[in-house]
Amino acid sequence: MEQLTDVGIIGGGPAGMNAALVLGRARKSVVLIDEGKPRNRVTRETHGFLTRDGTPPSEFRKVAREQISEYPSVRIVEDSAVKITGADGDFQLTTAQGSSYRCKKLLFAVGMKDVPLDINGLAEVYGKSAFVCPYCDGWELRDQPLVLIVKGARGLHMAKMISGWTSRYILCSNGPDELTDEQREELKQHNVLIYDSPIERIESNEGMVERVVLEDGNLLPCSGIFFAPKLIAGSNLPQDLGCKVTEAGTVIVDAFGKTNVPGVYSAGDAATELYQAITAASMGSLAAVGINTELLMEAWSSNI
């Protein structure tokens, strides 16, 4: 068991790394534990991040680690956290490789993980021509014919959203559409076609989608796909510690990432449903400020 570290960060995506950067500059000792399997590793480029627009996620991580390395009080450990005990001021963290760390404060930046969808051919195009966020990848598919694989109220919402990038799209619910009569009528008024036959397969060439083939024989030619992912929390450790979460598994935090558990913070995709790299990085920065302020106030009070 090591000496007491100021902050333990679990997760090395934009939230965790930006928090580490801010805390390193604040002269706090930090151990960042990262298993090296970011959700965006399937994508070719990161978008919507000023000065980093179009940067491959691997390059983003490389530059981030190089910049963090300038601050000697921050360590990055290639491992995954599997158990946490203790309480505010002295958490004990155990990793999959059997290492142990003691930390005054914790920041969970564990993100979310994709649950594979049972759609033949989707894995081959995911991150290349099939995406989940039009803000991240809509520009590259502007004015192109698209298939939206989503159902219910989310399908109507996606149809409204994607209209900002192209008017050439159809809704494929891959089974019962789960729409109300009013929602179907609204889509009809906007000339959005709805196909509710299950998907047989997605045909593509080197990751670029060519068409969606339905079980009823319909062929849906397209240049891209947007779909609703199924997600689970990147780690159950926050809940194990007693952190309150939403039905979607998102940790509930305040403006500075503080959870209901003393000494525990969360940031990034683990604490919001706005899944963008720049949002995650911003939340990591705010959480770092919250943690550093808490540490400073505790140190100030203890020195009276």
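Checking each residue in the stretch 42-56 for being without any contact (Cβ under 8 Å) to a residue 60 or more places away in the chain and not polar (S, T, N, Q) picks out GLU45, ASP53, GLY54, PRO56.
At least 1 residues being open to solvent by 10 Å² or more (accessible area, probe 1.4 Å) and of a type in the set (D, E, K, R) is the threshold, and among the strands (runs of 3 or more DSSP E) wholly inside the stretch 206-304 those reaching it are 208-214, 230-233.
Residue-by-condition table, conditions (1) touching a strand residue (DSSP E or B) at 6+ places or on another chain (Cβ under 7 Å); (2) of a type in the set (Gly, Ala, Ser):
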residue	(1), (2)
THR259	yes, no
ALA271	yes, yes
ALA299	no, yes
ASN303	no, no
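The set of residues in the stretch 148-160 that are surrounded by 15 or more Cβ atoms within 10 Å (Cβ to Cβ) and over 15 Å from PRO229 (Cβ atoms) comprises LEU156, ALA159.
Residue-by-condition table, conditions (1) farther than 30 Å from ILE9 by Cα; (2) out of contact with any helix residue (DSSP H, G or I) (no Cβ under 9 Å at 6 or more places or on another chain); (3) modelled with pLDDT under 95:
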position: ALA109; (1), (2), (3): no, no, no
position: ASN120; (1), (2), (3): yes, yes, no
position: SER129; (1), (2), (3): yes, no, no
position: CYS136; (1), (2), (3): no, no, yes
position: ARG142; (1), (2), (3): yes, yes, no
position: ILE149; (1), (2), (3): yes, no, no
position: ALA159; (1), (2), (3): yes, no, no
position: GLY164; (1), (2), (3): yes, no, no
position: ARG168; (1), (2), (3): yes, yes, no
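Residues in the stretch 75-88 that are open to solvent by 30 Å² or more (accessible area, probe 1.4 Å) and outside any strand (DSSP E or B): 2 in all.
Among residues of the stretch 16-74 being assigned to a loop (DSSP other than H, G, I, E, B) and of a type in the set (A, V, I, L, M, F, W, C), the one that is surrounded by the fewest Cβ atoms within 10 Å (Cβ to Cβ) is LEU50.
Here LEU214 passes the criteria (1) among the hydrophobic types (A, V, I, L, M, F, W, C); (2) modelled with pLDDT under 95; (3) not assigned by the TED database to the domain that holds GLU59 except the one numbered (2). Of all residues in the stretch 93-108, those being open to solvent by 50 Å² or more (accessible area, probe 1.4 Å) and either assigned by the TED database to the domain that holds ILE149 or within 30 Å of MET297 (Cα to Cα) (or both) number 2.
The values are calculated or read from the model by the stated rules, or taken from the named source; none is laboratory data. All values reported here derive from a predicted model rather than from experimental measurement. Backbone-built Cβ (ideal geometry, glycine too); neighbour counts: all protein chains shown. These area figures cover heavy atoms from the full protein model, side chains too; ligands, DNA and RNA do not enter into them. Shrake-Rupley method; radii C 1.70, N 1.55, O 1.52, S 1.80 Å.
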